[in-house]
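All remarks here apply to the structure that follows.
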Amino acid sequence: MDFFNSLGDEAIKQKIATIDWDGRFYTPGLPPKPDFDLTMVTACYELATKWKDVVGSTLQSHVDRNSKHADRRQSFEPKPEDVSSFTANQKIVFLDKLQESGPLSAERAQLLGKMYDFITSKNVELKSSYYRVALDANDPTCVYGVAELLGSVGRMKFVRPLFRGLNKVNRKLALETFEKNKEFYHPICRGMVEKDLGIHS
């Protein structure tokens, strides 16, 4: 408490004064759960839901043509402003949630990459997350970008998922890309990718 008070910030001092220090120090169990601000993550989930609804619109239109959900599905048109206020981490959360929701069509995956500039991103985390969505969508136009990325990054968290996805979409290119770059990867990473691709060294 003395440390916080030494900071000299009145707002902090006022918050510190409301803490029951004896209760925190001497009461058994965990402290009360704080109230987290979920605004940023909620925005990511809501955008992912809009994309998911559009994906399902074609298949579902004959079922709920007269449903109130049909208008919402057919009315969403993505635009760059959807993510203009998002941080890089929010974009990654959005893409991860979108991937969890099931595959997009190849056409929608292409639109996703172009509309939100994921294809041209210099952020490896973000680009990798996008390519995983595109590979799940069986998008044939993404494979050369994936191969290029696999020649420039070596972290297993990126390499293995991308190789697994690329192997499903274009096994020939996956094998060629691995053969070209295998000496670039750490031996452990190289061995795990060989296992993923079914290569016996």
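The values are calculated or read from the model by the stated rules, or taken from the named source; none is laboratory data. Please read all numbers here as calculations on a predicted model, not as lab measurements. Neighbour counts are summed over all protein chains in view; Cβ atoms, including those assigned to glycine, are modelled from backbone coordinates with ideal geometry. We work out accessible area using only protein heavy atoms, side chains counted, and drop any ligands, DNA or RNA first. Shrake-Rupley method; radii C 1.70, N 1.55, O 1.52, S 1.80 Å.
The number of residues in the stretch 137-165 being under 19 Å from residue 94 (Cβ atoms) and open to solvent by 80 Å² or more (accessible area, probe 1.4 Å) comes to 1.
Against the criterion of being out of contact with any Lys or Arg (no Cβ under 7 Å at 6 or more places or on another chain) and modelled with pLDDT under 95, residue 75 qualifies.
Of the residues making up the stretch 53-65, one or more are assigned to a helix (DSSP H, G or I), modelled with pLDDT under 55 and open to solvent by 80 Å² or more (accessible area, probe 1.4 Å). Candidates are the residues of the stretch 166-201 that are outside any helix (DSSP H, G or I) and surrounded by fewer than 19 Cβ atoms within 10 Å (Cβ to Cβ); the one that is modelled with the lowest pLDDT is 201.
Every test in (1) within 21 Å of the chain's Cα centre (by Cα); (2) without any contact (Cβ under 8 Å) to a residue 24 or more places away in the chain is passed by residue 167 save one, and that test is (2). Based on what the data block shows, is residue 146 part of a helix (DSSP H, G or I) and closer than 25 Å to residue 189 by Cβ? When the stated conditions are applied, residue 146 passes them.
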